[in-house]
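Trainee: So that we are looking at the same thing, I have put the structure below in structure tokens.
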Amino acid sequence: MMQRHILVSVIHRRAAMPNHVRHFAIHADQVDRARAFYETVFGWRFEPWGSPNFYLIRTGPDADRGLQGALQERQQPLAGTGMRGFECTIGVDDLDAVLAAIPRANGSVVSAPFTIEGVGRLAFFEDTEGNRVGAMQYDPGYSF
């Protein structure tokens, strides 16, 4: 009986947590070189989308697409030797509420929300450790 209660509790917590990772982005100095790397190593598929040097990444087959990503040209030069990583975007139900909560939790909003037509509203913030993260309120009906 105790195991069933724990399982129900875990399922309930999962269902009550709508703010899941929905997107990642790889910034590259040489987009073609980075694309070839990820195609060769992981078998990911790349689809041109929007501006030049911007691709949607398909990390899985059509039946199970996996996590959606993007490969894009780096907008700012790298400085220093610190950690480099992927940009992560968290899907949220209410972007304005999330942006209001960030400074109360000692983070900082680093970009005003902007709209990506047909996708949704996106803003970037830094957590208490200086990690930059996206928060996106997706348009109703938008599908990956």
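Trainee: Between Asp93 and Gln30, what's the calculated FRET efficiency when r is the beta-carbon distance and R0 is 41 Å? Round to 0.05.
Mentor: Numbers: r = 37 Å, r/R0 = 0.91.
Using R0 = 41 Å, I get an efficiency of 0.65.
Trainee: Then there's this: Report in % the part of the accessible area of the chain that belongs to carbon and sulfur, leaving out ligands and nucleic acids; probe 1.4 Å.
Mentor: Details: 5390 of 9780 Å².
That share works out to 55 percent.
Trainee: If you place +1 on the Cβ of every Lys and Arg, -1 on the Cβ of every Asp and Glu, and leave all else neutral, what size is the dipole of the range 17-144 about its Cα centre, to the nearest 20 Debye? Don't skip to the answer; put the middle values down first.
Mentor: On the way: 11 positive and 16 negative charges, 50 e Å.
Using Cβ point charges on Lys, Arg, Asp and Glu, the range 17-144 gives about 240 debye.
Trainee: With every protein chain left in place, what is the accessible area per residue of the range 68-144 in square angstrom, probe 1.4 Å? Don't skip to the answer; put the middle values down first.
Mentor: On the way: 4660 Å² over 77 residues.
Heavy-atom SASA per residue in the range 68-144 reads 61 Å².
Trainee: Please state the Cα pair-distance histogram of the chain with 10 angstrom bins from zero: what percent is in each bin?
Mentor: Per 10 Å bin, starting at 0, the Cα pair percentages come out as 10, 33, 34, 18, 4, 1.
The values are calculated or read from the model by the stated rules, or taken from the named source; none is laboratory data. It should be emphasised that the depicted structure is a prediction, and the values quoted were computed from it without experimental measurement. Note that we place each Cβ from the backbone using ideal geometry, even for glycine, and neighbour counts take in every protein chain shown. Calculation scope for accessible area: heavy atoms of the full protein, side chains included, ligands and nucleic acids excluded. Shrake-Rupley method; radii C 1.70, N 1.55, O 1.52, S 1.80 Å.
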